[in-house]
Amino acid sequence: MLLVIDIGNTNITIGAYLKDTLLDHFAVKTDTRTTADEFGILLLSLLERSKVTASSIESAVISSVVPQMTGAVGRAIKKYLNTEPLILTIDMIKNFKVCCDNPQSLGMDRAVNVAAACELYGAPLIVVDFGTATTFCAVVEGPKFIGGAIFPGMSTLVDALASKAAKLPAVEIKKPKKVIGTDTITNIQSGIFYGYVELVDGMLRRTKDEMNSDRVKVIASGGLADLIADECKQIDIVNKFLTLEGLRIVFEYNTKKVEEK
């Protein structure tokens with residue numbers, strides 16, 4: 001059984017795979033103060049809830065955009081699951097080429113998303129991931145990652161608005177019934193939701209134009225993907241587990257000697 005772990009800025013997402021089947025998944029808050037022992041005990045508790053024993057975990061793979069957490073999580077897996085995790089780097093990407101300035105700067109969360117999308121859907125494509133930041137990844141035939149864009153995530157915008165404006169509260173992110181809000185809460189929700197929808201659709205249209213292809217598929221992932229995709233005209237597919245799938249796929253390419261495409 002394979003354990004996949006994505007360490008993000010807001011959450012650490014964990015999945016347990018039996019071959020290519022995701023048995024269960026969890027998300028815990030990212031806290032750089034967490035020790036290896038604390039994470040290990042938490043991990044054992046989560047696995048026990050799914051009736052997955054520590055001894056059944058044969059391998060583990062980690063992607064991380066939080067270097068302060070990578071070591072603690074790696075040590076926890078080694079100590080509590082008795083396995084040495086594979087910690088991904090951009091050089092381990094096998095099923096697409098990174099063709100942009102400074103390839104080493106590409107975040108591993110974006111890289112594994114693209115790896116999964118290329119394997120599952122084929123290029124050309126755009127991956128939109130809704131997280132702490134919303135990222136756009138453009139992939140042309142080859143497949144080749146050629147670049148993209150990064151924008152503050154919806155929750156980041158809500159938090160920023162509440163922290164900078166004394167009389168504006170943090171609100172629940174939801175789709176309002178109409179664009180014209182009738183109180184402060186619905187005004188903010190309308191601006192955040194419908195403004196974000198227009199942002200995403202507009203960015204996708206512009207990205208498609210620069211890719212110069214009418215066959216571009218758009219795959220959305222992340223916690224708010226369903227909410228946004230329901231209103232966005234440019235999104236074709238929602239796969240909320242794209243990052244976990246990418247971790248599994250990249251792990252297999254690096255450990256099972258899968259032939260490069």
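The values are calculated or read from the model by the stated rules, or taken from the named source; none is laboratory data. What you are looking at is a predicted structure, and each value in this text was computed from that prediction instead of being measured. Every residue, glycine among them, receives a Cβ derived from its backbone with ideal geometry; neighbour counts consider all protein chains shown.
Answer yes or no as to whether residue 95 is in contact with a Cys (Cβ under 7 Å, 6 or more places away or on another chain) and at pLDDT below 95. Here the answer is yes, as residue 95 does meet what is asked.
Part of a helix (DSSP H, G or I), of a type in the set (A, V, I, L, M, F, W, C) and either in contact with a Lys or Arg (Cβ under 6 Å, 6 or more places away or on another chain) or touching a residue at least 60 places away in the same chain (Cβ under 8 Å) (or both): does that describe residue 73? The answer is yes for residue 73. Evaluate the following for residue 108: is it touching a strand residue (DSSP E or B) at 6+ places or on another chain (Cβ under 8 Å), farther than 30 Å from residue 256 by Cβ and either among the aromatic types (Phe, Trp, Tyr) or at pLDDT below 95 (or both)? Here the answer is no, as residue 108 does not meet what is asked. So, in the range 1-19, of the ones that are among the small types (Gly, Ala, Ser) and in a strand (DSSP E or B), which residue ends up farthest from the chain's Cα centre (by Cα)? So, considering only residues that are among the small types (Gly, Ala, Ser) and in a strand (DSSP E or B), the one farthest from the chain's Cα centre (by Cα) is 16.
The set of residues from the range 20-40 being closer than 25 Å to residue 250 by Cβ and more than 18 Å from the chain's Cα centre (by Cα) comprises 20, 21, 23, 32, 34, 36, 39, 40. Look at residue 23 and say whether it is assigned to a helix (DSSP H, G or I) and in the same structural domain as residue 75 (by TED's automatic domain parsing). For residue 23, the condition - assigned to a helix (DSSP H, G or I) and in the same structural domain as residue 75 (by TED's automatic domain parsing) - is not met. When only residues in the range 219-233 that are touching a residue at least 40 places away in the same chain (Cβ under 8 Å) and farther than 12 Å from residue 113 by Cα count, which is surrounded by the most Cβ atoms within 10 Å (Cβ to Cβ)? So the residue we want is 228. Selection of first residues in the range 234-253 that are more than 21 Å from residue 213 (Cβ to Cβ) and of second residues that are basic (Lys, Arg), restricted to Cβ pairs under 8 Å at least 6 apart or on distinct chains, gives the following pairs, ordered by first then second residue: 250/94; 253/94. Here is the figure for the range 218-244: residues that are touching a Leu at 6+ places or on another chain (Cβ under 7 Å) and assigned to a helix (DSSP H, G or I) total 1.
Whenever a residue of the range 180-204 is without any contact (Cβ under 8 Å) to a residue 12 or more places away in the chain and loosely packed, with under 15 Cβ neighbours inside 10 Å, it has no partner that is among the hydrophobic types (A, V, I, L, M, F, W, C) and assigned to a helix (DSSP H, G or I) lying with C-beta atoms less than 7 angstrom away and at least six residues away or across chains. Scanning the range 237-260 for residues that are exposed (fewer than 15 other Cβ atoms within 10 Å of the Cβ) and farther than 16 Å from residue 19 by Cα returns 259, 260. Of the helices (runs of 4 or more DSSP H) that lie entirely inside the range 98-217, those containing 1 or more residues that are more than 30 Å from residue 250 (Cβ to Cβ) and polar (S, T, N, Q) span 154-164, 184-211.
State yes or no: is residue 128 touching a Ser or Thr at 6+ places or on another chain (Cβ under 9 Å), touching a residue at least 40 places away in the same chain (Cβ under 8 Å) and more than 24 Å from residue 236 (Cβ to Cβ)? No, not satisfied. Among the residues of the range 112-156, those that are out of contact with any Pro (no Cβ under 8 Å at 6 or more places or on another chain), hydrophobic (A, V, I, L, M, F, W, C) and farther than 22 Å from residue 228 by Cβ comprise 115, 145, 146. With the requirement that a residue be aliphatic (A, V, I, L, M) and out of contact with any Asp or Glu (no Cβ under 9 Å at 6 or more places or on another chain), what does the range 159-174 give you? Those that are aliphatic (A, V, I, L, M) and out of contact with any Asp or Glu (no Cβ under 9 Å at 6 or more places or on another chain): 160, 161, 162, 165, 166, 168, 171, 173.
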